[in-house]
Amino acid sequence: MKSLRELYRIGHGPSSSHTMGPRFAAHKYLDRHPDALGFRVTLFGSLAATGKGHLTDQAIYEVLGLDCTKIIWKPEEVPSFHPNGMLFEALDTQKEAHDPWMVYSVGGGALMEEGQIATDTPDVYELSKMLDIKKWCEERGHSYWEYVDACEGPEIWEYLDEVWNVMCASIERGLDTEGVLPGELHLRRKAPQYIIKASGYSSNLQTRGLIFAYALAVSEENAGGGKIVTAPTCGSCGVLPAVLYHISKSRNFNRKRILHALATAGLVGNIAKTHGSISGAEAGCQAEVGVACAMAAAAANYCFGGSLAATEYAAEMGLEHHFGMTCDPVCGLVQVPCIERNAHAAGRALDCNIYATFAEGIHRVSYDQAVVIMKQTGKDLPSLYRETSEGGLAKEYVHN
């Protein structure tokens, strides 16, 4: 299992798989051909279907150059290895293509080549299943974050500190920025109004209002191309920051506890990425918002002193209750229903934390099982419900 550095990626939205991934791929290919006279990039499947709404072409042009790069869109051709396929080719003086490189954007900004079971970076974690990690912790009297520390070393805390800084900054920018998001939906930002309205309610309703405002702030920053952290993706980047920001503000937990919570959440996301999916194009929105909710639920449970079993249960519940969630962004934009889903998932994560605490961690379905079921459920979803914007809400909205 890879480092949390590969799960928590710092970059600009609106999509980790459709914007960050193609940008990283373009950089890699440019490094291989710095003297090429031109490039041809063919986008397949989901990348081609919703690439323009996700700014895929702009990300590639910014790296390879607008004048010397030709992009071919083939949404009807869906590669069997992963729906987000890209073929890079260098062009010579005769416009002949050579050195083809087929690569896939598999979610969270990560890249893979066909036949790979992992990226080319080394594994950091020997254990990659929640129950195995839980047993490791029980035998040593450790918390989940201590397994992260044992595997990653002390350097990870400096990186997670930077991650937390970016998360907080994205919330604060989002709360302070009004206006309309880019794209044909002309969607107005809501976070500044939500934070004001929340102050007028009693404490219970205020908590929900604040959670909504924080999640909206990050998600709207992402939709506007702002700097965010994948948690685990751009499309689901508002859930975990909202929960931890609210907890840190309302409970005055120290920074170290928040970083430990980030590490705990990172394990949950990493397991889903390793044994399931965090790609909406591969497994629907359950793989993005569902995993984000699981991460946030585990982080909250740790913060409030939950046991190892309760934290694992909170994560399982956060993912299980998103099974079957489709990914059908209207107009291919990471806005409707994406932004709203982040807000609701943040609220649900807190509910999962409370429920798991009341249950004392006693449950039947493990988080590891939920991850496997989520991936299989995603495969069973028709492709029109997996980030192609060809069905569901996206289709009906256009018809109206």
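Of note:
- Rg(Cα) / (2.2 N^0.38 Å) computed for the chain, rounded to two decimals: 0.95
- Projected-area mean, the stretch 304-400, by convex hull of Cα positions, square nanometres: 6.9
- Computed from backbone phi with θ = phi - 60° and the Karplus coefficients 6.51, -1.76 and 1.60, the 3J(HN,Hα) list for the stretch 94-105 is 8, 6, 7, 8, 8, 6, x, 10, 9, 9, 10, 8 Hz; x is used for glycine and proline.
- Angle in degrees between helix 308-320 and the longest Cα principal axis of the chain, rounded to the nearest 10: 50
- Share, in percent, of DSSP beta bridges within the chain that are antiparallel, nearest 5: 75
- Protection proxy ranking, peptides 287-296, 18-27, 204-213, average beta carbon neighbours within 10 Å, highest first: 287-296, 18-27, 204-213
- Val180 versus Glu126: modelled label distance in nm, points set 7 Å from Cα along the beta carbon direction: 5.8
- Rg then Dmax, both in Å and based on the Cα atoms of the stretch 294-355: 13.2, 43.
- For the stretch 211-290 versus the stretch 321-383, the gap between their alpha-carbon centres in whole angstrom: 13
- Label point at Asp351 placed 7 Å out along Cα→Cβ; residues across the stretch 217-244 whose backbone nitrogen lies under 17 Å: 239-240, 243
- Peptides 161-174, 231-244 ordered by packing proxy, namely the average of other Cβ atoms within 10 Å per residue, highest first: 231-244, 161-174.
- Theoretical ellipticity at 222 nm over the chain - DSSP helices of four or more residues, -39500 (n - 2.57) apiece, nearest 500: -16500 deg cm²/dmol
- Karplus-based coupling profile of the stretch 330-344, in residue order and whole Hz: 5, 6, x, 9, 8, 9, 10, x, 4, 4, 5, 5, 4, 5, 5, with θ = phi - 60° in 6.51 cos²θ - 1.76 cosθ + 1.60 and x standing for Gly or Pro.
- The share of C-alpha pairs in the stretch 31-86 whose separation exceeds 12 Å stands at 64 percent.
- No Cys partner within the rule (Cβ under 4.7 Å), the chain: Cys68, Cys137, Cys151, Cys168, Cys234, Cys237, Cys293, Cys303, Cys331, Cys338, Cys352
- Legend: translational diffusion of the stretch 256-313 by Stokes-Einstein, Rh = Kirkwood radius over C-alpha pairs, 4 °C, 1.567 mPa s; D = 113 µm²/s.
- Contact order, relative form, for the stretch 10-157: 24 percent (alpha carbon pairs under 8 Å, 6 or more residues apart, mean separation divided by residue count).
- Mean separation of Cα contacts under 8 Å (6+ apart) over length of the chain, as relative contact order %: 19
- Gain on full stretching of the segment that runs from Gln376 to Arg364 - 0.36 nm per residue minus C-alpha separation: 2.4 nm
- Counting charges near Trp101 (Lys, Arg +1; Asp, Glu -1) among other residues having Cβ under 12 Å from its Cβ returns a value of -2.
- Helix 203-223 axis, angle to the chain major axis (alpha carbon atoms, nearest 10°): 20
- Amide N of the stretch 370-400 lying under 20 Å from the label point, which is placed 7 angstrom from the Cα of Gln58 along Cα→Cβ: 388-389
- All-pairs alpha carbon distance profile, the stretch 54-130, 5 Å steps from 0, percent: 3, 11, 18, 22, 19, 13, 6, 4, 2, 1, 0
- Local electrostatic count at Leu262 - Lys and Arg +1, Asp and Glu -1, tallied over other residues with Cβ under 13 Å: -1
- Environment charge at Gly276 (Cβ cut-off 13 Å; Lys +1, Arg +1, Asp -1, Glu -1): -1
- Pairs of Cα atoms in the stretch 1-156 fall into 10 Å distance bins, from 0 up to the last occupied one, in shares of 10, 34, 28, 16, 9, 2, 0 percent.
- Projected area, mean over directions - the stretch 1-71, Cα convex hull, nm²: 5.5
- Angle between the chain longest axis and helix 130-140 axis [Cα atoms, degrees, rounded to 10]: 50
Laboratory data are not the source of any read-out in this text; all were calculated from the coordinates shown. The model shown is predicted, which means the values in this text are computed figures rather than measured ones. Here Cβ is always computed from backbone atoms with ideal geometry, including for glycine, and neighbour counts include all displayed protein chains.
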